[in-house]
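Have a look at the structure below before the remarks.
The values are calculated or read from the model by the stated rules, or taken from the named source; none is laboratory data. As the structure is a prediction and not an experimental result, all values here were calculated from the model. Please note: Cβ atoms are built from the backbone with ideal geometry, for glycine as well, and neighbour counts cover all protein chains shown. For the accessible areas, the whole protein counts, side chains as well, though only heavy atoms, and no ligand, DNA or RNA atoms are used. Shrake-Rupley method; radii C 1.70, N 1.55, O 1.52, S 1.80 Å.
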Amino acid sequence: MPGQVGPVVASAPAKVILFGEHFVVYGVPAIVAAIDLRARARISRRDDELIRIRAPDLGISGSFSQDGHFLPELGREGAEGTLKPIFIAVREVLRSLGVSSGLDVEVRSSIPIAAGLGSSAAVAVSTAAAVHWLLSRRLDRELVFNAALEAEKLVHITPSGVDPAISTYGGLLRYTKGVGIEHLKAPGQLELVVGDTGLKRSTGALVSAVRALRDRRPSRFSSILEAAMELVAEALQALGRGDLEALGELMDVNHGLLCSIGVSNEALDRLVHSARRAGALGAKLTGAGGGGCMIALVEPGMGQDVARAIEEAGGRAFLAKLSLEGVRIEAAP
Ligand code: PMV
């Protein structure tokens, strides 16, 4: 069998969606940025056929047979559910290379979980990349994206693919489901503050609730989709001009559209309004909503003030820097 014994370490970034979450599931392009929080996967070869996965940050571990049977080891009830997407990412890479190999997988991440920052995709992308490098000494981004997308299907049922795409390719992207990515040029200073409500939520449940709304109110939903499509087109123009004020205003409108499909809540609205009051150019929830995170676009140098206001309103805030690099191999023998 080709490849090495390892270990190989790969890392992949978290993301914030600037425009178009939820609507991206229905074909509207999303504008999405990779940020400087990363997940890391460390992979080495085993002598047997097991895929053993450890997530020390979560205190869970267990092994999967090649056909997906789970043998628990450490941790709480839901260990299999949490580790299975990582196994799927591994299995997809093995399948596409046509090999079977036992592997030790260790994942660590500095990305808040279930908060709308793409932590599950970053874990799947870094895992797929490390396995691919270990077995073929190549980093095929399309293959990594596809493997992580399969893993995401287990987590989100009908993912648009925006999370694995940005985590794989990095930078600032326009992503259209079923079409692909286009790299965008970021205006010189894109200063973003992230505010975390601390409320965990399930992307799959929120995406299902939006689908139920579409089925119940098809004509209202299609007008909202149309508005979202126009909004993203305007945001692309504003980005092209480097017009931060217009971008901020459009983010406010985007938050309004997300409220209209029922995915915001009081905690998110409170943080959004506190950021605007503190002088943000615009603010919106980011990701699936229902809790998790919001983002604020601020004038260069204003980040600390807005972060403070978000914290005073009960959130945990941090300044996010754009990560130009997507998935990368950190270490290999
Ligand atoms: O998992 P989150 O919270 O980053 O949300 C992903 C973005 C959605 O548009 C809500 C779902 C999707 O698959 O695009």
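Of the residues making up region 200-226, just one is away from the ligand (no atom under 12 Å from the Cβ), open to solvent by 40 Å² or more (accessible area, probe 1.4 Å) and among the hydrophobic types (A, V, I, L, M, F, W, C), namely Ala212.
Taking every residue in region 245-258 that is acidic (Asp, Glu) and pairing it with any residue that is not in a helix (DSSP H, G or I), at least 6 positions away or on another chain, the pairs with Cβ-Cβ distances below 8 Å are Glu245/Leu281; Glu249/Leu281; Glu249/Gly282; Asp252/Gly282; Asp252/Ala283; Asp252/Lys284. Only one of the numbered conditions (1) part of a helix (DSSP H, G or I); (2) modelled with pLDDT under 95; (3) within 12 Å of the ligand (Cβ to nearest atom) is not met by Ile113, and that is (1).
Checking each residue in region 159-197 for being within 16 Å of the ligand (Cβ to nearest atom) and open to solvent by 50 Å² or more (accessible area, probe 1.4 Å) picks out Tyr169, Arg174, Lys177, Gly178, Val179, Ile181.
Take the residues in region 46-91 that are open to solvent by less than 40 Å² (accessible area, probe 1.4 Å) and assigned to a helix (DSSP H, G or I), then tell me which one is farthest from Val131 (Cα to Cα). Step by step, filter region 46-91, then rank; the result is Ala79.
Total residues in region 241-276 satisfying the condition of being in a loop (DSSP other than H, G, I, E, B) and over 27 Å from Arg214 (Cβ atoms): the figure is 2.
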